[in-house]
Amino acid sequence: MQQTLKWLDYLRGKILSPVINKQGKLLGRITIDDVVDVIKDEADVSYRQLSGLEEDTFAKTSVATKSRAIWLGLNLITAFAAAFVIDIFRDTIAEVVTLAVLMPIVASMGGVAATQTLTIMVRGLALGQIERSNVLWLIKREALVGLGNGIIWAIVVSLVSAWWFQDYILAQIIAIAMVLNLFIAVLSGVSVPLILRFLKLDPGIGGSVIVTTITDIAGFVSFLGLATIFLT
């Protein structure tokens, strides 16, 4: 590691490539510093786009407000969609109050799993690593990852729920819902950026809003739907 840092320090400021015109006249030069600056700028843009932001760090207040308001508005619409799904099961929640305590767990785990996969996909697309030849393999890999994590954390959550509420049917329900939601989460994390890219839209901008909505709705439907069938 130290040798690498010393090598970079040695190259800093060194000429990487001359810039000439068609007549062979020297116009300027490209140094390692220039390359590093470009890499840092592209990384900063990719990070901001992943959150749906295109503003600079020191952008004007009006520009920052407008940029964020658009995606906050979209998030509000999707939040109402999730609330509508919850409202469908209001009778079930009223009858089994403990469901309200456990609902955020299923939704939160799904949201994190989807965002993890989304981040990998957006980075892979930005670097040109994802092509038609490896998309199917990537989907299969993420599906297995989702199932594996779903089973692991379903066991943990079901054991905690059984100990907490002394309700073994409820523990089984949240375990099944956890597996389903994490599986759907990783599939949405893979498919959403691919669909956006197919539609010629930037998959990094606001993709997290879409996948979070999918996992919230899937989590609520699976958890509350199973609870409606087996607990009421």
Exercise for review: Fewest Cβ neighbours within 10 Å first, please rank K66, K22 accordingly.
Suggested key: K22, K66
Study note, to complete from the structure: Ordering 130-141, 96-107 by per-residue average of other C-beta atoms within 10 angstrom, highest first, gives 96-107, 130-141
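Every number here is computed from the coordinates shown, using simple stated rules; none is lab data. Since the model is a prediction, treat every value here as computed from it, not as a measurement. When we count neighbours, we look across all protein chains shown, and the Cβ atoms used for this are built from the backbone with ideal geometry, even at glycine.
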